[in-house]
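These notes concern the structure reproduced below.
The values are calculated or read from the model by the stated rules, or taken from the named source; none is laboratory data. Small disclaimer: the values here were computed from a predicted structure and weren't measured. Cβ placement follows ideal geometry from the backbone for every residue including glycine, while neighbour counts extend to all protein chains displayed. Note: areas computed on protein heavy atoms with side chains; ligands, DNA, RNA excluded. Shrake-Rupley method; radii C 1.70, N 1.55, O 1.52, S 1.80 Å.
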Amino acid sequence: MKQSFRDAIAANERRDIMNNNPLISQFSTPPPRGRLGGGFPFRLRSGGGCRLRVGFLLLCLMLLVSCDRQERTDQGHTSACWIYAMCACIEHESVRRGDSVALSRQWLLARHLQEQTEALFTTIHSSPSSVKSTSPKGEAGRGLLSHGDAGRGLEGLRLTTRGLGPEALRLIDDYGLVPYHFEETMVNNSRVMERKLTLLAQQSRDMRTLRQRMAELLPSFSFAMPPVEEGWHGSPASFYFYSMRYTPQLFAESLMYWIHFHWYAPPMALIIPHRSSSYSHPSISLTPSPSYVLDDPDNYGHHKYIYASLEEILHRVMRALRQGHAVYWEYGRRHRSQHAVAIVGLQKDKNGKDLLLCLNSYGSGWGDKGYFTVTPEQFLKTTCNVGIPE
């Protein structure tokens, strides 16, 4: 049989290595027959084998990136869309300033559940009369009775993962922010987690035991956490990001220094004294009106919003989008919030009319790679409140 030139060269290399020839490096050993590079169970004789291997590696990389984005932007079976929308707005504002960062939504969700669980534990172990007559005080108890009834005693106490945009900013102020790649575990089902934490608060004997057991349930992160017995009032956690050492609070300050949200809501969504049912929308005015408490069951922090007509809100949103900002938007039926998304840009339909491009929190497998569009008319009909960085 006639031997090819390539097979002859391979045979000479194998013979030289077997004779311990020091001029031939061991790294020049050809791959064993039946393997390509020692990694694939087949052998390709043409030059397309290298291209196929590179293409396969690129495909694996794309799948990994896709899975990474799917996990980071998918709220799963939780009601934390307000956290996901706020983090998406902050990420967009960072890109606008020439930076890029992926934030952990689970960090804020974990802190939100943790402070409620500690407040529930304190309330349960207080006197029965105080449970029926008063609600938990302090920052940690904001969300405890948001969906319960204080008159029903302990049966009315419930944890929740619901909230509004200003509450997400309050969590950022209190607990800071963390990059996404430090996440190790996450909450996929909020109702299951709420039941577990409620049962944990009822069965724990002291705060130290409660915090130790909470650390096993809540999302974990791959950096040094403060001592369990000190909670979040002791030494802060720290991590390194781009060779710089941060605490979550310092990391949040570095991102939020240039970001200031203004919150607007239409008059029918606000608690306005002496509001008549025959209210007519005022004309567009760029002068902000007084702020009032938002009339929403998820507004357990009693956050205030600026009084503005729907037309004025749309005008401000369009102006912010044309300037490159991202807008926090909550919409629903009858001006009661049902879902929160981030409006990240503008598009044109086939007739040249404006469309608002929104980033949802259902992962890249939903809609158009996680995005959808709405018309200005749809925006006016469903808007409950907005947060505009100005």
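The 1.4 Å probe gives accessible areas that order LYS196, LYS304, largest first, as LYS304, LYS196. Placing a pseudo-label 7 Å from each Cα along the Cα-to-Cβ vector at THR375 and ALA102 gives an inter-label distance of 3.7 nm. Sequence-ordered 3J(HN,Hα) estimates for the stretch 210-216 from the Karplus curve with 6.51, -1.76 and 1.60 and θ = phi - 60° stand at 4, 5, 5, 6, 5, 4, 7 Hz, glycine and proline given as x. 3J(HN,Hα) along the stretch 362-373: 10, x, 6, x, 9, x, 8, 6, x, 10, 8, 10 Hz, from the Karplus curve 6.51 cos²θ - 1.76 cosθ + 1.60 with θ = phi - 60°, whole Hz, x for Gly and Pro.
Residues in the stretch 238-250 carry Karplus couplings, in order, of 9, 7, 10, 9, 6, 6, 10, 8, 10, 9, x, 5, 5 Hz; the curve used is 6.51 cos²θ - 1.76 cosθ + 1.60 with θ = phi - 60°, and Gly or Pro positions show x. Straightening the chain between HIS315 and ARG245 buys 21.1 nm, computed as 0.36 nm per residue apart minus the Cα-Cα spacing. Ranked by the mean number of other Cβ atoms within 10 Å of their residues, highest first, the peptides 204-217, 167-180, 377-390, 107-120 come out as 107-120, 167-180, 377-390, 204-217.
Of the peptides 89-98, 349-358, the order by per-residue mean of other Cβ atoms within 10 Å, starting with the highest, comes out as 89-98, 349-358. Accessible surface computed residue by residue for the stretch 327-378, with neighbouring protein chains in place and a 1.4 Å probe, gives 54 Å² per residue.
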